[in-house]
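Undergrad: The structure is given below, and queries will be raised subsequently.
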Amino acid sequence: GDFVIPNSVISIDRYSFCHCSKLTSIVIPNSVTDIGDYAFADCSKVTSIVIPDSVTSIGEGAFVNCEGLTSIDIPNSVTDIGAYAFSYCTGLTSIAIPNSVTDIEDSVFEGCEGLTSIVIPNSVTSIGDGAFAYCSKVTSIVIPDSVTNIGDGAFADCSKVTSIDIPNSV
């Protein structure tokens, strides 16, 4: 069911809630600054997660395979989102990456088949390998002028894309 993390917790360590198949919602307190690698991986029934402004880092694979997750707000306090952090969150329909993020790591949103909208902020300079691969419902992509590097297969199999703007800075 629901789980409220106590205010005394400052870091959610690696694999803390990994494979908690009955977990449906998580409340993370303002005391938490880091969400560790694979902390909530394979929590397929989670539909709601609130990430507080205190969090600065979301680890590798932190929410991988959270298929029930339909939306998530990433606060501007987050500067680092690890590789595979939200990959195969097939229920996500939109994602707004905060202006505090400069690098979109490898495969961060790979396999997010429900995504129809992606907003890449002007703070981003690099898009990693497979970052948005297999996001089959995305129709348009705007890459800001701040981006200088797009990794291999970053938008692989985004079969519904009808327009993409790649700036001269790449």
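The values are calculated or read from the model by the stated rules, or taken from the named source; none is laboratory data. Worth saying up front: this structure is predicted, and the values here are computed from it rather than measured. Cβ placement follows ideal geometry from the backbone for every residue including glycine, while neighbour counts extend to all protein chains displayed. Heads up: the accessible areas ignore ligands, DNA and RNA and are worked out on the full protein's heavy atoms, side chains in. Shrake-Rupley method; radii C 1.70, N 1.55, O 1.52, S 1.80 Å.
Undergrad: Go through segment 32-43 and count every residue that is farther than 12 Å from Pro75 by Cβ and in a loop (DSSP other than H, G, I, E, B).
TA: Matching residues across segment 32-43 total 8.
Undergrad: Working only within segment 106-130, note down all residues that are more than 18 Å from Cys89 (Cα to Cα), hydrophobic (A, V, I, L, M, F, W, C) and part of a strand (DSSP E or B).
TA: Residue satisfying the conditions is Ile127 alone.
Undergrad: If you don't mind, there's one more thing I want to ask. Collect the residues in segment 44-65 that are touching a Gly at 6+ places or on another chain (Cβ under 8 Å), closer than 21 Å to Val4 by Cβ and part of a loop (DSSP other than H, G, I, E, B), keeping them in residue-number order.
TA: Ser44, Lys45, Val46, Thr47, Gly59, Ala62
Undergrad: Now for a separate question. Please go through segment 11-25 and pick out each residue that is open to solvent by 40 Å² or more (accessible area, probe 1.4 Å) and of a type in the set (Phe, Trp, Tyr). Outline the logic, then answer.
TA: Pass one, segment 11-25, residues open to solvent by 40 Å² or more (accessible area, probe 1.4 Å): 11, 13-16, 19-22, 24.
If the condition is that a residue be open to solvent by 40 Å² or more (accessible area, probe 1.4 Å) and of a type in the set (Phe, Trp, Tyr), then Tyr15 is the only one that fits.
Undergrad: Going through segment 154-170 one residue at a time, which ones are assigned to a loop (DSSP other than H, G, I, E, B) and in contact with a Ser or Thr (Cβ under 9 Å, 6 or more places away or on another chain)?
TA: Our first condition is that a residue be assigned to a loop (DSSP other than H, G, I, E, B); within segment 154-170, this holds for 154-162, 166-170.
Within segment 154-170, Asp157, Cys158, Ser159, Lys160, Val161, Thr162, Pro167, Ser169, Val170 meet the criteria.
Results for (1) touching a strand residue (DSSP E or B) at 6+ places or on another chain (Cβ under 7 Å); (2) open to solvent by 50 Å² or more (accessible area, probe 1.4 Å), shown as yes or no for each residue.
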site: Ser54; (1), (2): no, no
site: Asp73; (1), (2): no, yes
site: Cys89; (1), (2): no, no
site: Asp103; (1), (2): yes, yes
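Undergrad: Can you tell me which residue within segment 131-165, out of those that are acidic (Asp, Glu) and over 19 Å from Cys89 (Cα atoms), is least open to solvent (accessible area, probe 1.4 Å)? Even if it seems obvious, please write down each step before you answer.
TA: Step one: list which residues in segment 131-165 are acidic (Asp, Glu), which gives 145, 152, 157, 165.
Then drop every residue that is not over 19 Å from Cys89 (Cα atoms), which leaves 145, 152, 165.
Working: Asp145: 121, Asp152: 122, Asp165: 89 Å².
Only one residue tops the list, namely Asp165.
Undergrad: Being closer than 20 Å to Ile104 by Cα, touching a Lys or Arg at 6+ places or on another chain (Cβ under 9 Å) and open to solvent by less than 10 Å² (accessible area, probe 1.4 Å) is true for just one of Ala62, Ala39. Which residue is that?
TA: Numbers: Ala62 fails: touching a Lys or Arg at 6+ places or on another chain (Cβ under 9 Å).
Being closer than 20 Å to Ile104 by Cα, touching a Lys or Arg at 6+ places or on another chain (Cβ under 9 Å) and open to solvent by less than 10 Å² (accessible area, probe 1.4 Å) holds for just one of Ala62, Ala39, which is Ala39.
Undergrad: What number of residues within segment 84-102 are of a type in the set (A, V, I, L, M) and touching a Gly at 6+ places or on another chain (Cβ under 7 Å)?
TA: In the first step, residues of segment 84-102 are kept if they are of a type in the set (A, V, I, L, M); the result is 85, 92, 95-97, 101.
If we keep only those that are touching a Gly at 6+ places or on another chain (Cβ under 7 Å) too, we end up with 85, 92.
Matching residues across segment 84-102 total 2.
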